[in-house]
Amino acid sequence: MNILIVEDSPELAIEVKDFLSASGYVCKIAKDCATALDEISSNDFDVVLLDLGLPDGNGFEVLTAIRKTQSKTAVIIITARGELDDRINGLQLGADDYLTKPFALTELGARLFAIIRRMHGFTVNDLKVHGFTLQLQDYKVSFEEDPINLTKKEFDIFQYLVLNKNRVITRLQLTEHIWGDILEVNSDSNFIDVHVRNLRKKLEKHAPISWFETVRNVGYRINV
């Protein structure tokens, strides 16, 4: 998942980014309102972690902008301002959750995962597709209890396609959501195709995967 961290404390921003990156998320940092609004206008984020006390304005302005343009983006307000009025205002403006500083990174991770589960409409930690099971928190895949050894990127691709089942996902979308925008200039290369080809080979050793469709010159789709 693609996450924007809006936080003016460099130490906290980097600490959160390192923690979430280690958990498989793709993260970017914005240190003020102006940078956050610029990122939001040019990128699609799955989740925004939003501080309220920013040096050039109020985080509520960023939240309002998000809700005007990206209704599907989840927002977790993270702030030292724990007053009831702030919490109510944030939720009324469309925030999905509220976390008061200081907080444990593990609690942030749990709240984030809970929001992602709700966003994609599942209530358990496992995804099942055509006999395959993805254990989301453990990054494991199995077929009828037989474990399959996937690389981290292979798992991320498989998970993203399953979460977006019955939709064509383009190579550029995979680039942005799995690697961030660092490979955008190479989005026409076969970098993603190599990972997908290796993923398919590993899955095919266990069962036919005609449901794992390559859409010529566009991308991929998992049909359920």
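The values are calculated or read from the model by the stated rules, or taken from the named source; none is laboratory data. The structure presented is a predicted model; accordingly, all values stated were derived computationally and were not measured. Backbone-built Cβ (ideal geometry, glycine too); neighbour counts: all protein chains shown. Note: accessible area is taken over every heavy atom of the protein model, side chains too, but ligands, DNA and RNA are not part of it. Shrake-Rupley method; radii C 1.70, N 1.55, O 1.52, S 1.80 Å.
Summarising the label geometry, the points placed 7 Å from Cα in the beta-carbon direction at Asn125 and Phe191 lie 3.2 nm from one another. With springs only between Cα atoms under 10 Å apart, run a GNM on the chain and tell me which of Asp85, Asp46, Asp126 wobbles the most. Among Asp85, Asp46, Asp126, the largest mean-square fluctuation in the Gaussian network model of the chain belongs to Asp85. Positive end of the charge dipole of the chain (Lys, Arg +1 and Asp, Glu -1 on Cβ, about the Cα centre): tell me which of Leu84, Leu172, Val218 has its Cα farthest that way. Checked the options; the winner is Val218.
Result for the chain in a Gaussian network model with C-alpha springs under 10 Å: among Val47, Val196, Val75, the largest mean-square fluctuation is at Val196. Nonpolar atom fraction for the chain, defined as the carbon and sulfur part of the 1.4 Å probe accessible area, stands at 50 percent. Using a 10 angstrom cutoff on alpha carbons, build the Gaussian network for the chain and name the most mobile of Leu49, Leu105, Leu84. Per the Cα network of the chain with a 10 Å cutoff, Leu84 tops the list.
The slack between Ser21 and Ala65, meaning 0.36 nm per residue of separation minus the straight C-alpha distance, is 13.3 nm. Around the Cα centre of the chain, unit charges on the Cβ atoms of Lys, Arg, Asp and Glu (plus for the first two, minus for the last two) sum to a dipole of about 1060 debye. Counting other Cβ atoms within 10 Å, which trypsin sites (Lys or Arg not before Pro) in region 1-81 have at most 11 and lie in a DSSP loop? Sparse-neighbourhood loop trypsin sites (Lys or Arg not before Pro): Lys72.
How much space per residue, in cubic angstrom, does the convex hull of the C-alpha atoms of region 2-119 take up?
Normalising the Cα hull of region 2-119 by residue number yields 91 Å³.
Taking 18 Å as the cut-off, the amide N atoms of region 36-72 that come nearer than this to a point 7 Å along the Cα-to-beta-carbon line of Lys101 belong to 36, 48-63. Per 10 Å bin, what is the whole-percent P(r) computed from every C-alpha pair distance within region 126-222? Over region 126-222, the share of Cα pairs per 10 Å bin runs 15, 53, 28, 4 percent. Past the 32 Å Cα-Cα mark, which pairs from Lys31/Lys68; Lys68/Lys152; Lys101/Lys165; Lys28/Lys68; Lys31/Lys152? Checking Cα-Cα distances, Lys68/Lys152; Lys101/Lys165 exceed 32 Å.
Of the residues Phe19, Phe191, Phe113, Phe132, the one with the largest accessible area comes first in the ranking Phe191, Phe19, Phe113, Phe132, computed with a 1.4 Å probe on protein heavy atoms.
Rolling a 1.4 Å probe over the heavy atoms of the protein chains gives the chain an accessible area of 51 Å² per residue. Suppose the chain between Thr170 and Phe113 were pulled fully straight at 0.36 nm per residue; how much longer would it get relative to their current alpha carbon spacing? Residue separation times 0.36 nm, minus the Cα-Cα distance, leaves 18.1 nm. If R0 is taken as 35 Å, the Cβ-Cβ distance between Trp211 and Glu83 corresponds to a FRET efficiency of 0.10. The alpha carbon convex hull volume per residue for the chain rounds to 125 Å³. Along the axis of the charge dipole computed for the chain (Cβ charges of +1 for Lys and Arg, -1 for Asp and Glu, origin at the Cα centre), the listed residues Pro147, Pro208, Thr35 are led at the positive end by Pro208.
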